[in-house]
Amino acid sequence: MKRHPFLLFVLMLATVAPTIPGCSRKAPTHTAMIYAFGTLIEVTVLGVKPQLAAQAESAMEKDFATMHHTWHAWEESPLTRVNRLLPTGTPFAAPPSVLPLIERGTRLAEASGHLFNPAIGKLIALWGFQGQHSDSHPPPDPAAIQALVKANPRMTDLTLDGIMLSSRNPAVQLDFGAFGKGYGIDLAIQHLREMGIRNAIVNAGGDLRAIGSRDGMPWRIAIRRPSGNGVFAILKVEGDESVFTSGDYERNFIYAGKRYHHIIDPRTGYPAEGTHSVTVVHSDATTADAAATALFVAGPDHWHEVAQRMGVRYVLLIDSAGTLHMNPAMANRIELLDRDLDIALSEPLEDKGAAGPGDPH
Ligand code: AMP
Ligand code: MG
């Protein structure tokens, strides 16, 4: 198992406030580190008194501990209880902590044409991408993969009647790994705002949402090469934006010389092919997280149509051959440090409003 959790990181030093003679604009910065969702979460707040910063830190610790417990896909949690009851087909009262993720997850899955599919928990478990893994293990039995693909579990197999949840398809098992972190970051930012904090960044192992500014300057987000060696681009983020990346290097294992990564194409049951990494910028972190996973599966030939349908406006995709695919708006705002990149510029992503349901494939 190989993990490179810090694909993106915030370049703090590069964003110090400009020095204005006779007027120091440097706002106090407070950073807290919290462990959740299998990664270290860095919460930085700016321009607040130490007492409020301490309150924010303890609120974030509590919030992330609760979220970590609630949405755990394999340790006993409200989610594992839901997964135990779904195959019975009988309606049951869904835990309130899980309901919003089911609702958001269903809408995002539909918009992605079910390439982002949080109902494929069985496939993810079959591949061994839940729990602790050995460094190397054989891939699952092809017949078992095929049976799960044929069962075609989807979020739209679920029925929610008030709080009563049931599944028409016994193969549905929920796994929020592809967007739970984004949803958690959205809740964290909402909580910080409720506490009166206007400038903050919540960075979970490189996936982040930033609000406000860094003392009047944009936050500068460094994008690392998918190899993990150095930075190839810088993205300026200001106002309220989230940056999320899905990559084949984040979680994988090698067996008999072949590498198997953790982003599964629900249509084949195997790790998605053709993509190395996808970075998405979007206002809310939940959508950015789900979209990064969906566009990874869509690959270099179909990411554009899926981004369009999910309402995403900034995409950067590195395909398996190393070509950098971007839409023009992303190309306009990104500062590329590597000069010799092979770049494929797409048609613009148009603002057609909210994404609708259906299947683009
Ligand atoms: P991310 O790093 O956000 O792309 O999320 C990857 C994680 O989401 C994996 O470790 C799985 O738990 C889960 N996952 C894998 N493939 C999919 C998929 N096609 N749709 C939804 N979740 C997925
Ligand atoms: Mg994701």
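With the Cα gyration tensor of the range 250-359 giving a ≥ b ≥ c as the square roots of its eigenvalues, does the rule (a/c under 1.5 for rounded; else a/b larger than b/c for prolate; else oblate) give rounded, prolate or oblate? It comes out oblate by the Cα gyration axes. In the chain, the convex hull through the Cα atoms has an average projected area of 18.9 nm², a quarter of its surface area. Taking Lys and Arg as +1 and Asp and Glu as -1, the other residues whose beta-carbon sits under 13 Å from that of T106 total 0. For E76 and M164, a Förster radius of 22 Å and the Cβ-Cβ distance give a FRET efficiency of 0.45, rounded to the nearest 0.05. Each part reduced to its alpha carbon centroid, the range 282-323 and the range 178-205 end up 21 Å apart. For the range 176-259, rounded, prolate or oblate, judged on the Cα gyration tensor with a ≥ b ≥ c (square roots of eigenvalues), a/c < 1.5 rounded, else prolate if a/b > b/c? Cα axes put the range 176-259 in the oblate bin. Please state the shape class of the range 89-203: rounded when a/c is under 1.5, otherwise prolate if a/b exceeds b/c and oblate if not, all from the C-alpha gyration tensor. Here the range 89-203 falls in the oblate category. With the biggest extent put first, the Cα atoms of the range 60-141 measure 38, 34, 27 Å across the principal axes.
Karplus-derived 3J(HN,Hα) values for the range 27-42, using 6.51 cos²θ - 1.76 cosθ + 1.60 with θ = phi - 60°, are 7, x, 10, 10, 10, 10, 10, 10, 9, 7, 6, x, 8, 8, 9, 9 Hz; glycine and proline are entered as x. Rounded to the nearest 500, the 222 nm mean residue ellipticity of the chain from helices alone is -9000 deg cm²/dmol, with -39,500 (n - 2.57) taken per DSSP H run of at least 4 residues. Using 0.36 nm per residue and subtracting the Cα-Cα separation, the extra length available between E335 and D351 on full extension is 3.4 nm. Coupling constants for the range 92-108 follow from the phi torsions by the Karplus curve (6.51 cos²θ - 1.76 cosθ + 1.60, θ = phi - 60°), and in residue order they are 9, 6, 7, x, x, 5, 9, 4, x, 6, 5, 5, 5, x, 5, 5, 5 Hz; glycine and proline get x. Computed over protein heavy atoms with a 1.4 Å probe, the accessible surface of the range 113-254 works out to 35 Å² per residue.
For S97 and A256, compute 0.36 nm times the residue count separating them, minus their Cα-Cα distance, and round to one decimal in nm.
Details: separation 159, 0.36 × 159 = 57.24 nm, distance 4.13 nm.
Between S97 and A256, full extension yields an extra 53.1 nm.
Put simply, the amide H of Y314, placed in the peptide plane, has neighbours under 5 Å in V281, leaving out anything fewer than 5 places away on its chain.
Positive end of the dipole of the chain (Cβ unit charges, origin at the Cα centre): among F253, V43, G239, the Cα lying farthest that way belongs to V43. Computed from backbone phi, the HN-Hα couplings of the range 261-272 come to 9, 8, 9, 9, 7, x, 7, 10, x, 10, x, 4 Hz, rounded to whole numbers (Karplus: 6.51 cos²θ - 1.76 cosθ + 1.60, θ = phi - 60°; Gly and Pro given as x). For the chain, calculate the relative contact order in percent as a whole number, restricting contacts to Cα pairs under 8 Å that are 6 or more residues apart. It comes to 20 percent, rounded to a whole number.
From the largest down, the range 192-336 spans 52, 31, 30 angstrom on the principal axes of its Cα atoms.
The values are calculated or read from the model by the stated rules, or taken from the named source; none is laboratory data. Predicted, not measured: the structure shown is a model, and the values here were computed from it. A quick note on method: Cβ atoms are made from the backbone with ideal geometry, for glycine too, and the neighbour counts reach across all protein chains shown. These accessible areas exclude ligands, DNA and RNA; they are computed on the full protein's heavy atoms, side chains included. Shrake-Rupley method; radii C 1.70, N 1.55, O 1.52, S 1.80 Å.
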